[in-house]
1. Only one of (1) within 20 Å of residue 31 (Cα to Cα); (2) touching a strand residue (DSSP E or B) at 6+ places or on another chain (Cβ under 9 Å) fails for residue 299. Which number is that?
2. Buried (at least 18 other Cβ atoms within 10 Å of the Cβ), over 30 Å from residue 128 (Cα atoms) and in contact with a helix residue (DSSP H, G or I) (Cβ under 9 Å, 6 or more places away or on another chain), is that true of residue 205?
3. Could you say whether any residue in region 366-379 is at negative phi and within 23 Å of the chain's Cα centre (by Cα)?
4. Kindly check whether there is at least one residue in region 285-293 that is out of contact with any strand residue (DSSP E or B) (no Cβ under 6 Å at 6 or more places or on another chain) and under 24 Å from residue 93 (Cβ atoms).
5. Among the residues of region 198-220, is there at least one that is closer than 29 Å to residue 345 by Cα and in contact with a strand residue (DSSP E or B) (Cβ under 9 Å, 6 or more places away or on another chain)?
6. Which of the residues spanning region 81-104 are touching a residue at least 24 places away in the same chain (Cβ under 8 Å) and assigned to a loop (DSSP other than H, G, I, E, B)?
7. Looking at region 308-347 only, could you name the residues that are in contact with a strand residue (DSSP E or B) (Cβ under 7 Å, 6 or more places away or on another chain) and outside any loop (DSSP other than H, G, I, E, B)?
8. Quick one: residue 235 ticks every box in (1) within 29 Å of residue 52 (Cα to Cα); (2) surrounded by 19 or more Cβ atoms within 10 Å (Cβ to Cβ) except a single one, so which number is it?
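The values are calculated or read from the model by the stated rules, or taken from the named source; none is laboratory data. None of the values given here were measured: they were computed from a predicted structure. Virtual Cβ from ideal backbone geometry, glycine too; neighbours counted across all protein chains shown.
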């Protein structure tokens with residue numbers, strides 16, 4: 001057990017070191033206290049949802065591993081999330097997919113209503129967290145050929161348009177109940193495995209479908225529509241209808257939130273460099289922070305160079321009021337609650353590190369053309385005592401310091417997760 005007095009001693013010494021660079025540690029801590037990261041529900045159950053069908057994911061999605069203890073019901077998922085939130089400093093959000101409703105029987109996706117998510121709305125209120133939402137355009141018979149909103153069949157397109165309209169109404173109800181906008185993010189898997197004869201026609205259909213979904217103006221105080229691009233997927237290696245250029249243009253022309261997923265670009269391409277560019281033209285930005293390993297593999301977020309670069313761009317550009325930070329990974333090879341804790345704590349730690357930079361000093365050196373000093377200070381920053389500030393922050397808000405949170409997860413695994421008879425075994 002870490003000694004609280006030692007944590008405070010280390011914090012005061014670290015605070016002095018940061019002050020020598022002109023960094024206000026208290027202001028940095030206050031900044032990250034106001035950030036609510038949208039934690040994704042699908043890490044807890046391997047993107048299975050609660051529609052009563054335990055079939056394979058399909059449509060470009062896959063989860064690997066068979067670690068025991070996958071959540072099988074909404075109540076189990078809520079229990080797992082409550083533990084995860086107790087291990088993460090700050091008050092955060094929950095990102096739900098449409099397939100996670102309380103359906104109590106067959107309900108097709110074009111028929112879902114607010115009542116199917118009232119349990120989540122009530123639970124979120126009891127936990128004092130807010131909800132975000134996503135339509136589910138995958139793992140469904142009407143998406144079996146890899147097309148939904150861009151499908152050539154008008155009837156199938158209309159089915160998925162109706163699903164999107166239903167999801168917007170649900171998201172608006174969530175936002176109204178919680179008193180802040182529910183971000184409703186649209187991602188569709190539409191694309192071809194091999195080279196298409198027409199790249200134009202599916203994109204025209206996708207744009208028309210989205211326009212139909214967004215035709216009703218809903219209060220911005222209740223919900224914000226986001227659209228998400230992708231470079232390629234399983235089964236859409238050669239052509240994805242909703243490319244970056246497609247959704248960039250769509251978001252600009254329709255005044256929508258643009259979603260950038262860290263795994264949805266070329267394996268050597270980072271989203272950090274895109275943040276300042278796209279925010280010149282779109283009103284707000286949604287980030288799906290994940291970790292791709294050679295492809296869009298959605299590994300648990302680690303404290304990587306790209307994660308740090310993402311948070312640095314947000315802080316250096318003063319974008320916290322225009323960027324919504326969400327997570328998107330699903331790993332069934334390790335304890336799922338631990339994955340949430342690792343990924344979210346790392347995202348917050350990187351945001352704290354970015355907030356502890358002498359940003360104004362660095363930018364002034366840049367304006368002065370003193371690139372030598374700029375580089376020197378950036379390098380010195382890398383070995384500043386971030387850990388002491390982070391430990392103080394965790395202790396001050398009553399969450400485990402260091403790796404102590406792992407003990408709580410391991411105990412929960414013994415008392416709860418290990419008693420669940422069903423586990424995931426998807427590939």
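1. Result: residue 299 passes all but (1).
2. So residue 205 passes the test.
3. There is no residue in region 366-379 that is at negative phi and within 23 Å of the chain's Cα centre (by Cα).
4. Yes - at least one qualifying residue is present in region 285-293.
5. Just the residues of region 198-220 that are closer than 29 Å to residue 345 by Cα, to begin with: none.
For region 198-220, residues closer than 29 Å to residue 345 by Cα and in contact with a strand residue (DSSP E or B) (Cβ under 9 Å, 6 or more places away or on another chain): absent.
6. Result: 87, 88, 89, 90, 91, 92, 101, 102, 103.
7. Answer for region 308-347, where residues must be in contact with a strand residue (DSSP E or B) (Cβ under 7 Å, 6 or more places away or on another chain) and outside any loop (DSSP other than H, G, I, E, B): 310, 314, 323, 324, 325, 326, 327, 340, 343, 344, 347.
8. Checking residue 235 against (1) within 29 Å of residue 52 (Cα to Cα); (2) surrounded by 19 or more Cβ atoms within 10 Å (Cβ to Cβ), the one that fails is (2).
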